[in-house]
Structures are given as structure tokens and as C-alpha cells.
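Here, each number is a calculation from the coordinates, and none is a lab measurement. Just so you know, these numbers come straight off a predicted model, no measurement behind them. Note: ideal-geometry Cβ built from the backbone for every residue, glycine included; neighbour counts use all protein chains shown.
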Amino acid sequence: MVIANDTEIKNIWLLLKTVTDPEIPVLTVTDLGIVRDVKINGASVEIIITPTYTGCPAMDMISMNIRMVLAENNYKNIRITSALSPAWTTDWMTEEGKRKLKEYGIAPPNPRQQVCNDKLFAADEAVQCPHCSSYHTHRISEFGSTACKALYQCDDCKEPFDYFKCH
Amino acid sequence: MTNYLIDYTLHLADNALILGQRNAEWCGHGPVLEQDIAITNISLDLVGQARNFYQYAAELIHQSVDKSTHPATEDSLAYLRTEREFKNCLLVEQPNTDWAQTILRQFFFSNYQFLLYQELQKNNDTQLAAIAEKSLKEVTYHLRWSSEWVIRLGDGTAESHQRMLQAIDELWRYTGEIFTAADYEEEAGVDPSLFQPQWLNKVKEVFDEATLPVPEKTFMQSGGKTGTHTEHLGFILTELQYIQRAYPDSQW
């Protein structure tokens, strides 16, 4: 029984690897690190996810997409619950996810948090341009097209780009 | 289930929702595109916090009252309560007026939320603690962004400095209420007066840098926490609740 459950859970994780973020379609929910746990209880499946940002409008759609993928694979009684604590951090994003982000033209979050505090006029984070790989870049705005991104521009190739900010 | 916890959760939710709604009025009207995006991003974070608190309040209400009545949901709490039922502070319902007043209101409020959520994440109530822990990271951005803007405007041109002075004159009187605990805050074990000195220190630090004066002790308005609001709240709710009032139970 335990073994059967383990295989089942592995199977579900594989299915989850096919569910993508509607706003950044190159990333899967497992790349983002927002799936916290998968539980099987008899005939029902529970997926525990955590939001990246509290107001992220993609979360509802992500829940629905997870539900659909599981339903297509004959899972019934699917429950998707949201856990807020511990709070999501970009540290949970996979290396694979970071690589895919860069290829997509979005600078991935820096490995270590640099300016996630309330200190004023902190130096801009050194962010590498996803296009020409230069570190000679500057921040245009710490808020971007979605809650998780900031706007940067490269001083070498002059290309503006999104930075998936550390959080 | 204890009513104070419901009231306290609604108070936290209402604060976030009303300020989120106010900031959202800037959508498409910001002074420059990047700041239009910034203020609406902050709005989105606040509405996200409000949703978490409303969902929790709905759950608490569901546990405490007769389940045969129309069940409370995050939507019914936001869209179907009247002015007197809203428990937000007067500060968050004040009009945007200009960029200076919007910035100052955000700075006063983020400064408070930053301290509040640090406390609240240690609260015995695990759900309130989890929402606070999650939201604190976002509030940190809001505080830094709004502090820097207060400095930029205060220490900017003669006109921006003058507008900041006007904004201080207009909003200062609403900052006292935040730190006077309502009954439900006391019951929930969060006494905001304890972190008022830290709040004031931050205001002093930022105002000094911004070449702005910190007002002397003066009369403070209050009432929002117990449902006695300024005339502005009714107008906000009229706009916010219009669709649900005109087409009850309509779905997006």
C-alpha cells in the first residue's frame, strides 16, 4: 500500500512538471517551487501550493490547470490547498527554471538576496543582462509587468529587460 | 468562536482592501509609466492581502454562526457590507488628491504595516501569523519605495516640497488612530501603541532626509476602526460594490 502510494505520488509530480505558469509559460509550477506537497488519502489527492506573491492573479489559473491535468489523468476528488507559511522564496526556484528564464529573456533571480530590506537608496543589485550577459546594467523600476519582476536596462547592448526579483 | 478575532481579521482586511482600491484609482493616470506600474503593483499586493484576510474571516464566521444563513465568502465580505460595518482606519480612505498625498499616505501606512506584520507573524493565531509572514516581504518593498519618494518630493523642487507640506497638513491628523487599540486589537493580543515610537523614528528619519518638518502633537481624528468613517468611504464603496449591488451574485 505504501509502495503503491509512492509510485502514485511520483506519477503526480511528473504530471505537475507539465503545468506551466500562464504569465511565464516557459516555467512549470515545479520549476517555480510553488508545489509544496502532494498527498494521497484513499481515493482523493491533495496538492499543496503556495503563492509567489499574495496578489498574484496567476494563482487561480494555476490551480485550475493543475486540476485539469490531474482530471485528464483520471484522478478524482482533487483538492488544491494553499499554504502561506513558510513564505515562498526565489530560493525554491530550480536551477533548470533559472536557465529557462534566462533563455526566455528574463534575468533569473540572484542566488542570494541583496536588497530585500527596508534600507533606503540601496545600490542596485548586480543583475546580468539575459541577452548579452553583461553585468553593466541598471534598474529602471523595482516594479515590473508582474508582481514578481523589476525593470532593468543593459548599459552595453542597451536592451531593456525584466528581472525576476529575489524575494 | 470568538467575535473579536473575526472583527480583528476584518479590520486587517478592510485596511488592505480600501488602500488597494484607492491606489488602483491611479491605474493609467500615474505621473510616469514606471510609477503607474509601481502604485498599481502595490495595489495588487494589498488586494491580495485583503483576500487572504477575508477568506480567513469567512471561515471564522462560518464556524461561529448558524450555517443555514447565506454563507459568508471573501466576496460577500468585500462587496456586501455597508460603511458602518467597515473597520478600516480613516487614513486609508483619504482621497488621492495628488501624487504627494498618495505617496505620503502609502509611506505612513507601509511604515505601520511593516511593524505590525513583524509582530503579527509571532501571533498565537497561526493563520494570521502566516498571512503576516507572507505579506511582510511585499510590504518591505512598499516601505522602501514610498520612503524614497517622500524624500524625492520633499527634497525636490519648491513645488513638490510645498505639496508634501500640504499632504502632511492633511494626513497627519489620521495617524493617531492607527496606534490607539480598538477592543478587538487588545483581545487579539496586538497593541499597536507599542510600536508607535518605532513608527515615529522612521518618520523622523525619512522627513529629516526629505527636509520636511515632523508636526507637533495635535488633535487626532478617530472612529474608522469602529465604523465611524469620513465621508469618503461611502464613495469608495459605491464604486467598489456597484456591480454586486446592481446584479446580485453575478459572476465574473
Calculated [θ] (222 nm, deg cm²/dmol) that DSSP helices of n ≥ 4 give over the protein assembly as shown, each run adding -39,500 (n - 2.57): -16000 deg cm²/dmol
Neighbour count of at most 10 Cβ within 10 Å plus DSSP loop: longest GluC sites (Glu not before Pro)-free window in chain B: B:1-215
Estimated FRET transfer efficiency (B:Glu85, B:Lys204; beta-carbon r; R0 25 Å; 0.05): 0.10
Antiparallel content of DSSP bridges confined to the protein assembly as shown, in %, to 5: 70
For A:Phe161, residues with placed amide H under 5 Å, excluding near neighbours: A:Tyr152, A:Gln153, A:Cys154
Nearest 10 degrees, 0 to 90: helix B:196-209 Cα axis against chain B principal axis: 30
Using alpha-carbon coordinates, inclination of helix A:95-104 to the longest axis of chain A, degrees: 60
Mean separation of Cα contacts under 8 Å (6+ apart) over length of chain A, as relative contact order %: 18
Along chain A, longest interval not containing exposed chymotrypsin sites (Phe, Trp or Tyr not before Pro), exposed being DSSP loop plus at most 13 other Cβ atoms within 10 Å: A:1-120
Full-extension gain in nm, B:Ala158 to B:Gln251, via 0.36 nm per residue minus C-alpha separation: 28.6 nm
Computed label-point distance, nm, for sites B:Thr230 and A:Asp60 using a 7 Å Cα→Cβ extension: 3.1
30 Å Cα-Cα threshold exceeded, pairs from A:Lys119/B:Lys122; A:Lys102/B:Lys202; B:Lys87/B:Lys204; A:Lys119/B:Lys217; A:Lys98/A:Lys119: A:Lys102/B:Lys202
Equivalent ellipsoid, segment B:113-244 (semi-axes from 5 times Cα gyration tensor eigenvalues, Å): 27, 21, 17
Cα-derived Rg to Rh of segment A:2-88, Kirkwood definition: 0.95
Separation of the B:Leu165 and A:Asp6 label points, Cα + 7 Å toward Cβ, nm: 7.4
Cα gyration tensor shape for the protein assembly as shown, rounded if a/c is under 1.5, else prolate or oblate: oblate
Inter-site label distance for B:Asp183 and B:Val65 at 7 Å from Cα along Cβ, in nm: 1.8
Angle in degrees between helix B:126-154 and the longest Cα principal axis of chain B, rounded to the nearest 10: 20
Net charge of neighbours whose Cβ lies under 15 Å from the Cβ of B:Thr230, counting Lys and Arg as +1 and Asp and Glu as -1: 0
DSSP-defined beta bridges in segment A:91-164 - what % are antiparallel, rounded to 5: 80
Along principal axes, Cα extents of segment A:91-164, largest first, whole Å: 32, 30, 21
